[in-house]
Amino acid sequence: MDNATPNMPEDLVRLLDNELTPEEKAELESRLAADLQLQQDFDSLLCTRAAIRHYGLQQQVSAIHLQMMEEMNEQPVKRIAPVRKMFRYSAAVAAGILLIVGGFFAYQFFTLTPGKVFSAHYQSFELTTVRGTLNESAVEKAFRDKNYTEVIRLHDAGTEPGVKAEFLNGAAALELKDNTRAITSFNRVISLNKEAHTTGFQDEAEYYLALSYIAARDYKSALGLLKKIGSDPQHLYNSKVTNGLIRQVRMLSWQ
Amino acid sequence: MEVIRNFPDSELLGNLRSGQRMEETIKAIYRGHFEGLCWYVMNNNGSRQDAEDNFQEVLVSFIDVVQRDKFRGESSIKTFLFSLNRYTWLNELKRRGRAQLREEKYEKGQERVQLDTSHYITGREEKAEVLRIVGALGETCRKILVLFYYETLSMKEILERTEYETEQVVRNKKYKCLKQLEQRINANPALKETLKNLIHG
């Protein structure tokens, strides 16, 4: 400390407290710049003030902390216990799988169309040749030649009435995407069989009628027939009616 | 009834810099950031008490940084606090002799902060020494010094909060208390170094 200025400690404190006049401040600062000891004395005061401010701040934060803990204790922050962590990870994995599966079914649901279901399960009807082609009727010949328009014309002309002609008329109509005619013909086959207590082309008519209903978006009727076929192991088309097909028709009915 | 509201970062920083509405501002920081910072400590080998102590340290460091005008707004307050929280807690774990955390967990949605604020952090023991040496002063001395240098009250306002007769008596007492504390600090070079770091760090 400068012994020539006995009031210097007070002056330094007044500088610290910003209580000097501008002139006094300028003078003291110039002396500070030139006097290393004086600088160290002032540094010492700055450190002391920093300690007080740190203490004050710490005390204020501690006091507020207590208040805030009371306020926040109603909703304490929770630690994730190991078991809960495992549960959380498992739940996340399960949710992921669920999301993927759900996404898959959602994709199937929204992209499913009656046309897709029909195409996936439709196969053109093929006439068997047990009797040889010489005894073939005109309708049969036209059908074998895939002349579906001629099959329908002959049917409508009524030259060869009967269950077979009726069925071929329905099958030809389905080939020509005339769902309404197909449905009428296949239903007629079933009616004729019922009246005559016969079973000619019965299984074929039921299966192709179900497909015709799908194409015509009459899912309720289609489901009735598909369930009947699916539950009958003796039915010719039993193996073609899978759970997948029934589920797809159900999904179509929900759209 | 206290009105609770959110402060935008700019207003919050302005209050901390000026020292105005400190209580309301500190409470706003608690409401906005305590839970997230607490979560980090509690899910990285810390107890609830650790998390609370750590948050208080972080808050003091943050206010100190802002008041020294070292926070330039390069990041949001949230990011800065998260970084301070992380480094403060890692320091504490090291101090306790534990290995560096192998796995750090982040709250969902929390930014993964790369911001390095480690240089703003003063060790817990050094800070405790500052508190100890000021706390060792008599109650009157502590009160006058804190009211004057931390709460920046005038001598007249301090007079109203003490039992002294005149402002001059308070002023003389404050001077004596300051010199008493200064002597104690000067007698502890390590502590003085800590304080210099607090001022200039």
**Prompt:** Is it true that residue B:61 is of a type outside the set (A, V, I, L, M, F, W, C) and free of Cβ contacts under 8 Å to residues at least 60 places away in the same chain?
**Reply:** no
**Message:** Need a quick list: helices (runs of 4 or more DSSP H) entirely within region A:185-255 having at least 3 residues that are assigned by TED's automatic domain parsing to the domain that holds residue A:166, more than 23 Å from residue A:164 (Cα to Cα) and within 31 Å of the chain's Cα centre (by Cα).
**Reply:** A:219-230, A:243-254
**Message:** Here is a check on your reading of the model: is residue B:14 closer than 17 Å to residue B:79 by Cα and surrounded by fewer than 18 Cβ atoms within 10 Å (Cβ to Cβ)?
**Reply:** no
**Message:** Let me confirm something: among B:142, B:184, B:171, B:161, which residue is more than 23 Å from the chain's Cα centre (by Cα), within 11 Å of chain A (Cβ to nearest Cβ) and surrounded by 13 or more Cβ atoms within 10 Å (Cβ to Cβ)?
**Reply:** B:171
**Message:** Can you find, within region B:26-58, the residue that is farthest from residue B:84 (Cα to Cα) among those that are in a helix (DSSP H, G or I) and of a type in the set (Ser, Thr, Tyr)?
**Reply:** B:30
**Message:** Just to be sure before I move on: is residue A:250 touching an Asp or Glu at 6+ places or on another chain (Cβ under 8 Å) and either at pLDDT below 90 or of a type outside the set (A, V, I, L, M) (or both) in the structure I sent?
**Reply:** no
**Prompt:** Looking at residue B:23, is it at the interface with chain A (Cβ under 9 Å from one of its Cβ atoms), in a helix (DSSP H, G or I) and surrounded by fewer than 20 Cβ atoms within 10 Å (Cβ to Cβ)?
**Reply:** yes
**Item:** Selection within region B:35-56 - touching a residue at least 40 places away in the same chain (Cβ under 8 Å) and more than 16 Å from residue A:62 (Cα to Cα)
**Value:** B:36, B:37, B:39, B:40, B:41, B:43, B:44, B:45, B:46
**First in region A:14-33 and among the charged types (D, E, K, R), second anywhere and assigned to a helix (DSSP H, G or I), Cβ under 7 Å, 6 or more apart** = A:25/A:15; A:31/A:38
**Request:** At least 3 residues that are surrounded by fewer than 19 Cβ atoms within 10 Å (Cβ to Cβ), within 47 Å of the chain's Cα centre (by Cα) and among the hydroxyl-bearing types (Ser, Thr, Tyr) in each: list the helices (runs of 4 or more DSSP H) lying fully within region A:82-184 that qualify.
**Result:** A:82-111
**Failed criterion for residue B:83 (all others in (1) more than 19 Å from residue B:7 (Cβ to Cβ); (2) in a helix (DSSP H, G or I); (3) within 12 Å of chain A (Cβ to nearest Cβ) hold)** = (3)
**Request:** For residue B:149, work out the one condition from (1) within 13 Å of residue A:48 (Cβ to Cβ); (2) more than 25 Å from the chain's Cα centre (by Cα); (3) surrounded by 20 or more Cβ atoms within 10 Å (Cβ to Cβ) it doesn't fulfil.
**Result:** (2)
**Prompt:** Is it the case that region B:150-158 has a residue that's among the acidic types (Asp, Glu) and modelled with pLDDT of 95 or more?
**Reply:** yes
**Request:** Could you check, for region A:164-173, whether at least one of its residues is in the same structural domain as residue A:236 (by TED's automatic domain parsing), free of Cβ contacts under 8 Å to residues at least 60 places away in the same chain and out of contact with any helix residue (DSSP H, G or I) (no Cβ under 8 Å at 6 or more places or on another chain)?
**Result:** no
**Prompt:** Within region B:64-73, can one find any residue that is facing another protein chain (nearest Cβ under 9 Å), of a type outside the set (Val, Ile, Thr) and either crowded, with 19+ Cβ neighbours inside 10 Å or touching a residue at least 60 places away in the same chain (Cβ under 8 Å) (or both)?
**Reply:** yes
**Request:** Kindly provide the set of residues from region A:42-61 that are within 9 Å of chain B (Cβ to nearest Cβ) and more than 17 Å from residue B:142 (Cα to Cα), ordered by number.
**Result:** A:43, A:44
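The values are calculated or read from the model by the stated rules, or taken from the named source; none is laboratory data. Values in this document were obtained by computation on a predicted structure and should not be read as measured data. Positions of Cβ are backbone-derived with ideal geometry, glycine not excepted, and every protein chain shown enters the neighbour counts.
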